[in-house]
Structures are given as C-alpha cells and as structure tokens.
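Participant: Supplied in structure tokens, the structure appears directly below.
The values are calculated or read from the model by the stated rules, or taken from the named source; none is laboratory data. Only a predicted model underlies this, so the values are computations on that prediction, with no experimental measurement involved. Quick reminder, even Gly has a Cβ in these numbers, built from the backbone with ideal geometry, and neighbours come from all protein chains shown. Heavy atoms of the whole protein, side chains included, go into the accessibility calculation; ligands, DNA and RNA do not. Shrake-Rupley method; radii C 1.70, N 1.55, O 1.52, S 1.80 Å.
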Amino acid sequence: MDRRRRHTDSFSEDEDDDRGRKRRRIATDDVDIEDRLESLITRVGEKSTSSLESNLEGLASVLETDIPNYKHQIMKILCQCVVKLPEKLTVYTTLVGLLNAKNYNCGGEFVEMLMRNLKEALKAGEFENARMMVRFLADLVNCHVLVATSLLQMFDSFVEVTLEDNIPQVRSDIYIYLVLSALPWVGRELFEKKEMELNNMLITIDNYLSKRQKIHLPALRVWTTDGPHLQEEYLDCLWAQIKNLRSNKWMEKQIVRPYLAFDSVLCDALQHTLPQIIPPSHNKSVLYPLPRVVFRLFDYTDVPQGSVLPGSHAIERYLIEEQLDRIIHTNHVERKDCAMALLGYPAKNKIPLNYMIVEVMFGQLFSLPRAPYLDLFYGSTFIELCKLQPTTMPEVLAQASEMLFDRIDSMHSICVERFVQWFAYHLSNFQYKWSWDDWEECVNMDANAPKSKFVREVLLQCLRFSYHQRVVESVPESFAPLLPAEPKAHYRYEQEGAGSLTGTMHAHKLISSIRSKCTPEEAAISMKELPNVYPNGQENENPSFNPLKIDVFFSTLLHLGSKSISHSFAALAKFHPNLKSLAEFDDGKVCLLKVLYEVWKTNQQMMVVLVDKLLRTEVVDCSSVANWLFSFEMQHDFTSFYVWEIMHSTIKKMSRHVDQLQQEVDNAHDKQEAAKRKEQDGLDVLDDDVPTDEAIERMEERLESATSAQKNLFLVIFQRFIIVLTEHLARCESAGVDYNTPWYKWVIERLQQVFLMHHELVFRYINTLEQLLFTSDVDIHILEVFQQFCALRS
Amino acid sequence: MSKRKLPKGSISLSQYRDQHFRGNRSEQEKCLLESTTLYVGNLSFYTSEGQIHELFSRAGDVKRIIMGLDKVQKTPCGFCFVEYYLRADAESAMRYINGTRLDDRIIRTDWDAGFKEGRQYGRGKTGGQVRDEYRTDFDDARGGYGKMLANKIRRSSDLSSSLASS
C-alpha cells in the first residue's frame, strides 16, 4: 500500500522528491507507527493508479488489524480528517462505515469522539469546524453508521435555537446554516425514510428565514444594484438552492459517494444512535460569523458552448463553490499548489472550471468586510493559474476584467479599490499589455466617474510599479488626460520667482549648511530669525507653531532627500529633533503634513511612505494625520485612493500600538501571578524577572492613554465625515439638485469602509459613537451607514 | 511534540549560505529562521527603490530597503535587501513574491540573516555581483554581457580595429 501511494504524489517535481524521500525513511526505520497511520489515512482518496474502492477496502483491513493496539490514535486521526480534509468527506464517511461494519464498537466510539469534539467546537465558537462535523455525521447516516431519526433530533435541536429569546440573529443564523449545509448530503436519505419529519423541520426553517431582518445587506454587497445578477444574502441563496434540491427529489449531480459501491457490506451493519446534544447557550463572549452576500459574476450565457455553468439557484453551484473555497483555504500558503489543486478539481469535465475558479477567487478578493487572505495571494495565484493554462485562463480573466469594468458604476468603492490594486499588479506581471482602446470612453468622463477614476488609479498604481515613461508608452495617446503627472519634488525656494519669497534666503542658507554637514542645533539656530507668518507673508496669530519656519525647514529637507526613499529617511532621521520641536503641537503637525503635500503632491508613494515614517518616529500623531486628510487643502484629492491608503494605514498603526501595549500589560500580569504562586509554594523567586506593581501601573497608564487616543482618532474621523457629508447634503438640498453625485458615492462608501475594515475595533466604541456622533439629528443617509453596521452583529 | 518544526514549502531555507557570515552554521541558521530580512536578486540595474518598495509593501509594512551597489561605481548592481517589521510579513513576501515579476524580470527572494554594513556592495572582482562576471548571455538590464565575456569581446574588437587601422 505504501509503495503504491508513493507514486501517486501529484504536485510539482521538486516537492515530489522531497516527500518521497521523507516517507521512505519513515517506512524503513519503522520508528513511528502513528506517523505511518496518519500518512495512510490522510492520503486515501488522492489520485491513485488503483480504484478508490479497492484503496478504501485495503485501508479498512489494515486499520482493522491495527485497531486493537492503536484504536485511540486511529480515531483521533479520523476526527482530524473531518475538519482538515472536508473535500474528502465522503471518502472518510465510507471508511468509517466499513470500520463500523467490521467492528461495531469501534464505530460507536468514533461517533462518541466526534460528538464530543462537536460540542467543544460549538462552545468555543469554532463554527466552521462544527459545520464540517455536522455534515460528516449527516453523511454517516448514508453509510449505515447512524440512525436517521437521531440525526433529525440533532437537527431539530439546532433549529430550535431560532426560538430562543434575546439572542442576536447571527446566532440563530449559524445554527440554521449548520443544518442547511448538511442537507445536500443527507436530504435524499431523510426524504426516503423520514419525509414527514424532514418536511416539518423545513417549514420551521422557512418561517425563520422569512422573518429575518436584513438591514446589514447594503453594507456587504459588492454591487449596489441587482442587475444583471441578484445580490443575495448567503442563507437566502442556500435556502433557494435547497428548495430546488427538494423539488428535484433531493437528487444532486456533484457529490461523489464511494459508499454506494459498498452498499451490500454496509447495509448489514448495525447503526448507532447519536447522544443528545444541546447547543451551548448564548453569551456575549461568543463571536458568531458575520453574514455574507453571495458573489456572482457569470451566468451560463458568459460561458462558451460545451460546458454548462450551473444556475445560481442550483445546488451544484453551491457545492462546487464551496469545494473551491475549501481548496483555497487548504492551500493558501502555497500559491503554486493552490493553482494546481484548483485546476485539478475532479469534476472538471462537466463544468466550466476556469470560470468558476475566477468567480470564486474574485468573490473572496471582493468579500466584505475583508478578504479572507492577503490581496497579494489572489494576485500571485491568478498569475500561476495563467501560467498553468496559458491558452485559456488569461482569456477568462480578461473577460472577467471587462465585465467588472462594465459594472463598475454600481460597484462598492472598497471593491473598486481592490480591483484597481489587483489589475495594476496583474498588468505589471504581463508587460502592461491591455486592450486600452476598448476603454476609451472614459477619457471624456467626469474625473470622479467610476470608470474614469478606475483607469486613472490603475495608471497611478502602474506608475508606482514602473516609471513614468513606461506608463505613457503603454496606453494610447488619447489617454493623455488620464495619465498621472510625472512625479517630482516641488521646491518653491528654487523655482522661478523664489527671490521675492520671505523664506528664500534662509532656505538657501540652510541648503548649504546641511550640505556642509551642520548639526541639528546649528540648523535650528539658522531658522531663528524667521517671523511667524505664512509662506505667502500673511501673519499667523497662533503662537503654537510657525508656518514659515516649518515650510522653509521641512521643504528644504525633503528637497535635499528627494533622490530616493532612503535619502529622505536619512534626512528625516538626522533632523528628527528639529521636526519634533517645529511641530510640537497639533496645528504645527497638520502644517508640517501640508508642507509634505506641497512638495510631493505628484508622488503619492512618497507621501504614503513619509507619513508612515513621520508617524512611527512620532513627529506627527494619528489624529493630526486624520485632521490633515480632511483639511481644506486636501479637498481636491479627497476621493483619491492614496488619501485613504494613508487613512487606513494610520488607523492600523494605532491599533497595532494598542495591541502591543495590551500584550505587555497581560504579560506583566502573568509573570507577577506566576511569581506569587511560586512564593506560596515556598520556591525562590528571581527578583529581576518579576515586574513591580509600579511598573505594571506605568504600563497600564500607557495603555490607557493609547486606548483613549485610539477612541479619539475614531471620533475625529467619524465627526469629520459627518461634517463633510452633511454640508454636501445641505448644499444639494438648497440648490435643489440630486445629492447622489459620484463624489457623494465615493465619500459615503469611504465612511462605510472605515466601519468595515476595522470592524472589530469600531465595535468596541459603538456605544460612544451612538451617544456622541450618530444621534437622531444626523441626516438619515449618514445614519443609515451606522445602522447597517450595527446590524452586522445583531 | 517539543521538537521545533522547521518551516516548510516556500518559506523554508534554501541551500545558499552566505560565506561571509560571522558565526557558525547553527548560529547562521538560527538567524535565518528568525529573520525579517530578505535578499532580492535578479533585479534590473535600473529598478528603483520606490518600485521595490511598492511590490514588497503588498506583503506587509516594509521597514527599509538597502540597494545593492557596485563597489567601484556606487551604482545599483541588481540586488537589494528588504527588511520588514514583522516576520509574518516577510514570510508572505517569500510565499507570494518570489518568482513573480518586477520591472518585467522574474525576481528571486531568499532569507537573509540581517543586513550588516558593507554587504550592500557587490562582491565580484570588478565591483558588481559575482554572477555578472561569468554570465555568457546578453542582459540589457544588467549591463549587457557578463564582465569577462564583455572584456574578451572588447579586446578582440580593439585588436581587429587596430589591425584595420594599421
């Protein structure tokens, strides 16, 4: 068996070698029987030269002889397969069925162990694992391991959760989902054996689903409109698919059922009854999965003749999508394996596999609040897919890109942003070749129109990956109005007419002092005489900062470091004390950021990188960045993507900082408690390792101030959002024009993005937000966004 | 269960070990296993720090980039070091960037034990990277032919032109 299996390795050659070597060693040394069992069990059902049935039969006999000595280990490995290898679920249910037929006790013990695991998973909130276990148990009915009635009893107890009072909807949702997602496997059997009970259960489910609130739906939709494809909530969609399955007498065409071949053996086996299971009661600490909206890009008319894409309410669509999702989940850390496994999906002859892969991958990339994996994973895996199927995959991907572009007007801004990021990245790997002419329509559009914005932002991203000349040469000449400006530093004190500016003399002096390696102190002294005015000469009445000093000093520094990121970093590092003192207070910090914009407005990457540096070196702080981005001077760029790139990276840095401090406090507490326990046990405690009470107190103070800074940051951002949006709505109303402009769409969806991208954090402050900001006198259009967000967890 | 699992697949250590590392093999391996720094190779001489930053920051926040320079001319010579703040982000770069394109070239990433002053310079005799001395192909983005071959070509053309003029 072992020898045969060695030849069945599928993946890349070098890996093949590696694995082969390792297994040979284990087999010859025969050191670790557990490892051998695990490798035997986990590999069954992979591609093999002999039939699955004979492999299963062989494995069942091997395990039967090992059971007396290794029963517990075998059961444990099987239970791991349930959650780790759900794509081979029916293979393992068959195996369990065969073992049960040979050894009744062994089947019973397996069921018991799996039930224990299920209870634990439900208690711990591991619902995805629980779902796989429930489905496995359901399929065990097909393998004559379990009695149908007892499975129905378990289902009923899950469905009863919908009757509980004062629970969030996400709780009852997930229990319904556990049941519905198992029905494609066991529906037919229940229909044949217990039709009435099954129907009663379905009626209860139907009642529940028809009464659910769906306020959260708009927040999770990739597209705002339902054309050409309905944007359905995941439970509604699955319910429609299950109803279709029922009207087909519970017959589906997708699930491979190896146990059918063993019917004669299995039907003689004795069946077990499931022990009763009561869902653990609700408590506030359990995090239920957030609702989702099903992503749809293609239908059967988009696919070339020869293969048929299952309709959106066909159960096969759900089953294939789920399997592809699982393949991605299992392989997401190895992009090459992932691409290979996706293309190796077993049912590939019957379905337009490339289309389904592309749809599932984009579905994940665009999923809200966040994609399950790094954006870069999807980009690099698409490249691998194109490499493996060079004649077909690029074409499907191009078709998908065309369709996404066509539908971009109703696409959520967050998704447009991800689309831009991916598209530019993809182009950068394929020599920037694209049929740009087809998109020429956007040249004459409003700069905020989604299509025009998309192309502009893609070209900006391409500029970051390559260089200006390259971008200019990649697009048709007619695209000139969409092209980004050539990135360069703008230094006012060396431009024409600089002679008349108040700061020019000082700026030139500063340049030569810095070039002759002056100290930070010397540089500060040379700035001393500058009056407290704005660069245009206007007086500044605020004594907390000197705008001219900041402008002269910082713009000169940026100018001198403009050659590269590293040069800029070096300049910032050397004159860090000067920057700190120039921007000691909030107004100074915002002023400094405005100077950065003046110098680098044509180089967005430089702005992003330098704001990050200024934050990390604490020259500016998070709320000053937020205030700057919302300031009058930035209004012109307010819908530009880089502004939001900076905003979100700022929020992320803030939250990382809080997490870090929290961890320090937790660690200190742990250490102290461990020391106390040791002391009580009469053991010696080394002093220097244990933090003192004062030290912990200091840490807690730091944490507290960071947390309040974080809360303050969110308050600043949301308040500024409310102000700009309210102004817009009022302006439109008084002018009697439609408020729903492209600008409005970008901005209100950016508000939504702040909620969604940082949803765990924002939920912490939700009460404060409700009391202070999102009150009933806020315009309903703005308030709606907040309410949709709250509904995500209710 | 206590034995430490070595990283597998894309994030495992390659065969290459820097011969100039100060310390023994196991110290070197320990550094590599905890490192947040990557060596990036097969860059075009013309690829800028900004371009590298753009690609690598897709895997996570980049702390700094050190461009590899020709020891003599102090110009980029086709490699760099990318340092991340977090190990996990460096791992993502190994998983998703190694073997993809930057500036139309397939670039290679490998773990590095951490940047030390002096390592930014090429170690070839003529100042660039060693591989650019012996290459026999013509690579426009890396200075044309390998240095040795280029010298040979130059010598023979000098010879033929001097013959022609005499």
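Participant: Are any residues in region A:254-270 open to solvent by less than 70 Å² (accessible area, probe 1.4 Å) and over 19 Å from A:SER54 (Cα atoms), and if so, which ones?
Facilitator: A:GLN254, A:ILE255, A:ALA269
Participant: Which pairs turn up if I take residues in region A:742-757 that are in a helix (DSSP H, G or I) and look for partners that are surrounded by fewer than 20 Cβ atoms within 10 Å (Cβ to Cβ) and of a type in the set (Lys, Arg) with beta carbon separation below 7 Å, at least 6 apart in sequence or on another chain?
Facilitator: A:MET757/A:ARG370
Participant: Restricting the search to region A:402-454, which residues are closer than 17 Å to A:HIS229 by Cβ and not in a loop (DSSP other than H, G, I, E, B)?
Facilitator: Passing the criteria: A:GLU402, A:MET403, A:LEU404, A:PHE405, A:ASP406, A:ILE408, A:ASP409, A:SER410, A:MET411, A:CYS415, A:PHE419.
Participant: Any idea which of A:ALA706, A:ALA668, A:ALA695, A:ALA675 is small (Gly, Ala, Ser), within 30 Å of A:ILE651 (Cα to Cα) and over 36 Å from the mean Cα position of the chain (by Cα)?
Facilitator: A:ALA695
Participant: Take the residues in region B:18-59 that are open to solvent by 30 Å² or more (accessible area, probe 1.4 Å) and within 14 Å of another protein chain (Cβ to nearest Cβ), then tell me which one is farthest from the chain's Cα centre (by Cα).
Facilitator: B:ARG58
Participant: Something else: Could you give me the residue pairs with C-beta distances under 8 Å whose first residue belongs to region A:426-453 and is more than 14 Å from chain B (Cβ to nearest Cβ) and open to solvent by 60 Å² or more (accessible area, probe 1.4 Å), whose second residue is aromatic (Phe, Trp, Tyr) and in a helix (DSSP H, G or I) wherever it lies, and which are 6+ apart or on separate chains?
Facilitator: That search, which allows pairs on different chains as well, returns A:GLU440/A:PHE479.
Participant: Those residues that are in contact (Cβ under 8 Å) with a residue 12 or more places away in the chain and either within 11 Å of another protein chain (Cβ to nearest Cβ) or open to solvent by 10 Å² or more (accessible area, probe 1.4 Å) (or both), I need them from region A:552-571; list them, please.
Facilitator: A:HIS559, A:LEU560, A:SER562, A:ILE565, A:SER568, A:PHE569, A:ALA571
Participant: Within region A:525-547, track down each residue that is surrounded by 14 or more Cβ atoms within 10 Å (Cβ to Cβ) and closer than 16 Å to A:LYS594 by Cα.
Facilitator: If the condition is that a residue be surrounded by 14 or more Cβ atoms within 10 Å (Cβ to Cβ) and closer than 16 Å to A:LYS594 by Cα, then A:VAL533, A:TYR534, A:PRO535, A:ASN540, A:PHE545, A:ASN546, A:PRO547 are the ones that fit.
Participant: Same structure again: Are there any pairs with C-beta distances below 7 angstrom linking a residue in region A:504-522 that is among the polar types (S, T, N, Q) to a residue that is open to solvent by 90 Å² or more (accessible area, probe 1.4 Å), with the two at least 6 apart or on different chains, and if so which?
Facilitator: If the second residue must be open to solvent by 90 Å² or more (accessible area, probe 1.4 Å), the pairs left are A:SER513/A:GLU522.
Participant: Give the residue that is nearest to A:ALA424 (Cα to Cα), with candidates limited to residues of region A:458-470 that are away from chain B (no Cβ under 11 Å) and open to solvent by less than 10 Å² (accessible area, probe 1.4 Å).
Facilitator: Restricting to residues being away from chain B (no Cβ under 11 Å) and open to solvent by less than 10 Å² (accessible area, probe 1.4 Å), the top hit is A:VAL458.
Participant: Tell me which residues, restricted to region A:150-176, are assigned to a helix (DSSP H, G or I), open to solvent by 30 Å² or more (accessible area, probe 1.4 Å) and charged (D, E, K, R).
Facilitator: A:ASP156, A:GLU160
Participant: Please go through region B:110-166 and pick out each residue that is aromatic (Phe, Trp, Tyr) and part of a helix (DSSP H, G or I).
Facilitator: Hit for region B:110-166 is B:TYR134, nothing else.
Participant: Scan region A:327-342 residue by residue and report those that are within 13 Å of A:PHE382 (Cα to Cα), facing chain B (nearest Cβ under 8 Å) and not in a helix (DSSP H, G or I).
Facilitator: Across region A:327-342, the qualifying residue is only A:GLU334.
Participant: Filter region A:648-687 for residues that are of a type in the set (S, T, N, Q), more than 30 Å from A:LEU751 (Cβ to Cβ) and open to solvent by 100 Å² or more (accessible area, probe 1.4 Å) and give the result.
Facilitator: Selection gives A:GLN663, A:GLN680.
Participant: So, A:ASP375, is that one of a type in the set (Asp, Glu), closer than 29 Å to A:ALA449 by Cα, away from every other protein chain (no Cβ under 14 Å) and open to solvent by 50 Å² or more (accessible area, probe 1.4 Å) or not?
Facilitator: So A:ASP375 does not fit the description; no.
Participant: Go through region B:71-84 and report how many residues are more than 12 Å from the chain's Cα centre (by Cα) and buried (at least 19 other Cβ atoms within 10 Å of the Cβ).
Facilitator: 1
Participant: Consider A:SER512 carefully, then state whether it is of a type outside the set (Lys, Arg), loosely packed, with under 15 Cβ neighbours inside 10 Å, in contact with a helix residue (DSSP H, G or I) (Cβ under 8 Å, 6 or more places away or on another chain) and part of a helix (DSSP H, G or I).
Facilitator: No; evaluated as a whole, the condition is false for this residue.
Participant: Follow-up question, since we're still on this one. For region A:761-772, state whether one or more residues are open to solvent by less than 10 Å² (accessible area, probe 1.4 Å) and within 23 Å of A:ASP375 (Cβ to Cβ).
Facilitator: yes
Participant: Could I ask something else about it? When you check B:THR100 against the structure, is it more than 9 Å from chain A (Cβ to nearest Cβ), under 16 Å from the mean Cα position of the chain (by Cα) and not hydrophobic (A, V, I, L, M, F, W, C), yes or no?
Facilitator: no
Participant: If you don't mind, another one. Looking at (1) away from every other protein chain (no Cβ under 14 Å); (2) open to solvent by 10 Å² or more (accessible area, probe 1.4 Å), which is the one condition that is false for A:GLU645?
Facilitator: For A:GLU645, the failing item is (1).
Participant: Tell me, yes or no, whether region A:122-138 has at least one residue that is in contact with a strand residue (DSSP E or B) (Cβ under 9 Å, 6 or more places away or on another chain), crowded, with 19+ Cβ neighbours inside 10 Å and under 18 Å from A:GLU189 (Cα atoms).
Facilitator: yes
Participant: Step by step: first the residues of region A:471-488, then only those that are open to solvent by 30 Å² or more (accessible area, probe 1.4 Å) and within 14 Å of another protein chain (Cβ to nearest Cβ), then the one that is nearest to A:HIS426 (Cα to Cα). Which residue is that?
Facilitator: Applying the filter and picking the extreme gives A:SER474.
Participant: Filter region B:74-97 down to residues that are within 12 Å of another protein chain (Cβ to nearest Cβ) and not in a strand (DSSP E or B), then give me how many there are.
Facilitator: Final tally of qualifying residues: 11.
Participant: Something else: I'm told A:THR502 meets every condition in (1) touching a strand residue (DSSP E or B) at 6+ places or on another chain (Cβ under 9 Å); (2) assigned to a helix (DSSP H, G or I) except one. Can you identify the failing condition by its number?
Facilitator: A:THR502 satisfies every listed condition except (2).
Participant: Might you let me know whether region A:210-221 holds any residue that is charged (D, E, K, R) and in a helix (DSSP H, G or I)?
Facilitator: yes
Participant: Further question on the same structure: Within region A:527-563, work out how many residues are polar (S, T, N, Q) and farther than 19 Å from A:ARG492 by Cα.
Facilitator: Here the count works out to 3.
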